[in-house]
Amino acid sequence: MRNIIAFPVLGLAVILQTSVISRINLISGYADLPLILLSAWVLQERVKSSWHWAATICLMLGFVSALPWPVVVVGYCGVVFVAQILQKRIWQAPLLAMFSVVFIGTLFMHLLSFAVLRISGTPFLFSDVMGLITLPSLLLNMLFSIPIYTFIRDLAVWVYPEEQYE
Amino acid sequence: MNSRSLQTTIIFLVVGGILALSLGGFFGTASRQVGSVLIEIQTWFSSRFIGLQDFMTAPRDIVSLRMRNTELETQVSQLQTQVIELQQRVNETEILAALVNFSRSNPESTYKAAAVIGRDPSPFLHYIIINRGSNDDIQRGMPVVTNQGLVGRIDAVIADAARVQLITDPASSINVYLQNAETNAVALGSVTGDVSLDMISQNTVVESGDLILTSGLGGGYPSDLIIGQVVTLRTLEYELFQEATVQLALDFSRLDIVLVITNFRPVNITPLEPLPSP
């Protein structure tokens, strides 16, 4: 039952992403709220529903975005995979782990988007994409990481109370 | 009446008479000096009393003033909210009025107004989401415009919303017509949201300020929709075509309300395109 929290939280995140965050752009890039939320959620030690959250995000963004759905699925599942690896290795410094996951996840997501769109015929230049989209998005994602990590940590404590923690 | 009370009466009468005469100004300089001293004493007492009164009553005034100030600040914030709401309504009304004028001046098309409710979550793509869908007879491929020019076309539709590919999207290419140069070209979107022109013949003379309209070629868009103006032309002798940068007619970062042309059906010319020879 506690996994149901994913739907309102991620639904709100997607709504905020499409209506607000996508208008706050730095050059041509903007933050990826679902990616940051997912990263922060997976990094919580007590959370066991990482893949459910990834699936929910893929469902919602695949429906809303014009990105090819394989990009969304592979991208966000890749973020979960990276976060789970890093969570076991950098567990003593959660904020460092958060930054690392967001950094790697953003790069992975953007490289994947670039590759798939380029193959499908969109005339992108790698230098343009890196300079105008990826680097500004990275900076914004890093900026959003700290408050979102705090929020998600509190949410995880609320959803998975200490006495039920396995 | 005994002699003592008679004396007292006489003294009172004399002093009263002198006082009355001095107040009446009959004693000249002497009465003025006495009067000024009295006035100064009066002033001193009065000012001290007012000061003391202020000191005693000031705390109560500050509390009441603060309460009044809070009330007024609340009223000001409420009025500011009302002003903002009314300003928004005025802006919406102005936009709608402009769109109505546009639709009246182009009676050959039928329009459906829609509000922009979001943008694509990926920064790689330039799409918007509007609040009209298949329930409002919106279909894939319909052009989307404002009174200022072409916005894009419907890319995907659900019941109550639709996704619109903007002409600034990197994957967008539109056949256009340069009005003054009387030649065709292709308008291409880009990552930055700018639009450039390509496929302009080397023999064509294009000048800055030339108006760019949709040509209707290819059947993807109706003809004569405004896109923008030519800003600069880039001509290289070793290239087949000239390129140009475009000043777009509308600001895509401030799209609020758009019009969908509902009586236009895009033509699929794919079956007519020649197959590559084996």
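The values are calculated or read from the model by the stated rules, or taken from the named source; none is laboratory data. Remember, it's a predicted structure, so these values are computed and weren't measured experimentally. Here the Cβ is made from the backbone with ideal geometry for all residues, glycine too, and neighbour counts use every protein chain on show.
List of remarks:
- Any hit, the stretch A:67-82, residues being within 12 Å of chain B (Cβ to nearest Cβ), small (Gly, Ala, Ser) and within 14 Å of residue A:107 (Cα to Cα): yes
- Filtered residue count, the stretch A:59-82, keeping only those that are crowded, with 19+ Cβ neighbours inside 10 Å, in a helix (DSSP H, G or I) and not aliphatic (A, V, I, L, M): 2
- Single condition residue B:156 does not satisfy, out of (1) facing another protein chain (nearest Cβ under 10 Å); (2) in a strand (DSSP E or B); (3) at positive phi: (3)
One line per residue, one yes/no per condition, for (1) more than 30 Å from residue B:157 (Cβ to Cβ); (2) in contact (Cβ under 8 Å) with a residue 24 or more places away in the chain; (3) in contact with a Ser or Thr (Cβ under 7 Å, 6 or more places away or on another chain):
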position	(1), (2), (3)
B:50	yes, no, no
B:54	yes, no, no
B:88	no, no, no
B:94	no, no, no
B:103	no, yes, no
B:114	no, yes, no
B:118	no, no, yes
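- Close pairs from the stretch B:8-30: first surrounded by 10 or more Cβ atoms within 10 Å (Cβ to Cβ), partner of a type in the set (Val, Ile, Thr) and modelled with pLDDT of 75 or more, Cβ under 9 Å, at least 6 apart: B:27/B:18
- Any hit, the stretch A:58-77, residues being more than 23 Å from residue B:163 (Cβ to Cβ), at pLDDT 90 or above and among the hydrophobic types (A, V, I, L, M, F, W, C): yes
- Considering the stretch B:171-186, the residues that are more than 13 Å from chain A (Cβ to nearest Cβ) and either crowded, with 17+ Cβ neighbours inside 10 Å or among the aromatic types (Phe, Trp, Tyr) (or both) include one that is farthest from residue A:123 (Cα to Cα), namely B:181.
- Of note, residue A:100 satisfies the criterion of being away from chain B (no Cβ under 14 Å) and in contact with a helix residue (DSSP H, G or I) (Cβ under 9 Å, 6 or more places away or on another chain).
- The stretch A:1-27 residues that are closer than 26 Å to residue A:135 by Cβ, paired with ones that are of a type in the set (Phe, Trp, Tyr) and not in a helix (DSSP H, G or I) (beta carbon under 9 Å, 6 or more apart): A:17/A:30; A:21/A:30; A:22/A:30; A:23/A:30; A:24/A:30
- Residue in the stretch B:124-141 that is closer than 30 Å to residue A:11 by Cβ, of a type in the set (D, E, K, R) and within 11 Å of another protein chain (Cβ to nearest Cβ) present: no
- With respect to (1) surrounded by fewer than 17 Cβ atoms within 10 Å (Cβ to Cβ); (2) in a loop (DSSP other than H, G, I, E, B); (3) touching a helix residue (DSSP H, G or I) at 6+ places or on another chain (Cβ under 8 Å), the lone exception for residue B:168 is condition (1).
- Residue match in the stretch A:120-127 (condition: within 11 Å of chain B (Cβ to nearest Cβ) and in contact with a His (Cβ under 9 Å, 6 or more places away or on another chain)): no
- The stretch B:171-207, residues that are over 15 Å from residue B:220 (Cα atoms), over 29 Å from the mean Cα position of the chain (by Cα) and not in a strand (DSSP E or B): B:179, B:180, B:181, B:182, B:202, B:203, B:204, B:205, B:206, B:207
- Yes/no for residue A:85 being touching a residue at least 24 places away in the same chain (Cβ under 8 Å) and part of a helix (DSSP H, G or I): no
- When residues of the stretch B:96-123 are limited to those that are of a type outside the set (Lys, Arg) and facing another protein chain (nearest Cβ under 7 Å), the one surrounded by the fewest Cβ atoms within 10 Å (Cβ to Cβ): B:117
- Any hit, the stretch A:25-46, residues being out of contact with any helix residue (DSSP H, G or I) (no Cβ under 8 Å at 6 or more places or on another chain) and surrounded by fewer than 23 Cβ atoms within 10 Å (Cβ to Cβ): no
- Boolean, residue A:53 is free of Cβ contacts under 8 Å to residues at least 24 places away in the same chain, among the aromatic types (Phe, Trp, Tyr), away from chain B (no Cβ under 14 Å) and in a helix (DSSP H, G or I): no
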